[in-house]
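The values are calculated or read from the model by the stated rules, or taken from the named source; none is laboratory data. Values in this document were obtained by computation on a predicted structure and should not be read as measured data. Reconstructed Cβ throughout: ideal geometry from the backbone, glycine too, with neighbour counts over all protein chains shown. Note: accessible area is taken over every heavy atom of the protein model, side chains too, but ligands, DNA and RNA are not part of it. Shrake-Rupley method; radii C 1.70, N 1.55, O 1.52, S 1.80 Å.
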Amino acid sequence: MAEAHVIGQIVGATGFSENSLFCKWGVHTGAAWKLLSGIREGQTQVDTPQIGDMAYWSHPIDLHFATKGLQGWPRLHLQVWSQDSFGRCQLAGYGFCHVPSSPGTHKLDCPTWRPLGSWREQLARAFVGGGPQLLHGDTIYSGADRYRLHTAAGGTVHLELGLLLRHFDRYGVEC
């Protein structure tokens with residue numbers, strides 16, 4: 001079987017209006033992919049940057065996959081959350097990006113968005129906190145349902161990923 005090893009980190013985030021940010025992440029693959037080592041999902045620590053600065057997480061990612069085909073190439077889905085002084089968490093943005101398909105090191109910028117909801121939900125979010133969230137996490141990277149949502153742009157999550165490919169030439173894929 002062909003193998004792909006993803007090594008890197010979630011560096012941090014910029015452009016969010018909220019402070020005290022953390023990121024929940026996960027990786028989604030097709031049925032032909034098997035995770036040999038590493039964890040499929042995780043969460044960073046909370047960072048409280050100064051206004052306008054970057055929230056730094058430096059959260060490691062180390063995934064080793066085996067596959068029989070290219071269909072369902074791995075993609076990272078991200079949820080950025082903010083935490084207030086009372087420990088309550090509120091969604092700051094959803095995002096996803098495909099793991100690069102060429103070997104080497106890559107710097108990725110993943111834009112995020114969040115659902116707006118009705119004007120009442122927006123007003124409640126401004127004064128009470130909370131706000132609308134997706135019922136199904138796969139809506140982040142699936143087609144039709146995502147495009148029907150009314151959304152607001154969030155910030156950008158910055159990633160550094162290294163990709164090692166092994167035995168893909170046996171399956172007719174040039175690296």
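Within segment 1-46, how many residues are hydroxyl-bearing (Ser, Thr, Tyr), farther than 19 Å from Gly162 by Cα and assigned to a strand (DSSP E or B)? Here the count works out to 1. Pro115 satisfies every condition listed in (1) in contact (Cβ under 8 Å) with a residue 40 or more places away in the chain; (2) within 17 Å of Gly154 (Cα to Cα) except (1). Among the residues of segment 47-68, the ones that are part of a strand (DSSP E or B) and of a type in the set (Asp, Glu) come to 2 in all. Candidates Gly15, Gly38, Gly72: the one that is among the small types (Gly, Ala, Ser) and either touching a helix residue (DSSP H, G or I) at 6+ places or on another chain (Cβ under 9 Å) or at pLDDT 95 or above (or both) is Gly38. Filtering segment 31-88 to residues that are surrounded by 14 or more Cβ atoms within 10 Å (Cβ to Cβ), among the aliphatic types (A, V, I, L, M) and over 30 Å from Arg170 (Cβ atoms) leaves Val46, Met54, Ala55, Leu78, Val80.
Somewhere in segment 47-59, is a residue under 16 Å from Leu165 (Cβ atoms), at pLDDT 95 or above and of a type in the set (Ser, Thr, Tyr)?
Looking for residues that are under 16 Å from Leu165 (Cβ atoms), at pLDDT 95 or above and of a type in the set (Ser, Thr, Tyr), one finds none in segment 47-59, hence no.
Beta carbons closer than 8 Å, at least 6 apart along the sequence or on distinct chains, pair a first residue in segment 6-18 that is within 25 Å of Gly104 (Cα to Cα) and open to solvent by less than 20 Å² (accessible area, probe 1.4 Å) with a second that is assigned to a loop (DSSP other than H, G, I, E, B) and hydroxyl-bearing (Ser, Thr, Tyr) for Ile10/Thr44. Would you mind stating whether His136 is at pLDDT 90 or above, over 14 Å from the mean Cα position of the chain (by Cα) and closer than 21 Å to Arg40 by Cβ? No, not satisfied. No other residue among Arg170, Arg146 is at pLDDT 65 or above and part of a helix (DSSP H, G or I) apart from Arg170. In the set (1) free of Cβ contacts under 8 Å to residues at least 60 places away in the same chain; (2) farther than 17 Å from Leu164 by Cα; (3) not in a loop (DSSP other than H, G, I, E, B), Gln71 fails one condition alone, (3). Among the residues of segment 74-118, the ones that are among the hydroxyl-bearing types (Ser, Thr, Tyr) and farther than 24 Å from Leu36 by Cα come to 5 in all.
Just one of the listed residues (Gly42, Gly30, Gly69, Gly104) is closer than 20 Å to Val157 by Cβ and small (Gly, Ala, Ser), namely Gly42. Taking the conditions (1) open to solvent by 20 Å² or more (accessible area, probe 1.4 Å); (2) closer than 29 Å to His5 by Cβ; (3) without any contact (Cβ under 8 Å) to a residue 60 or more places away in the chain in turn, Cys110 satisfies each one other than (1).
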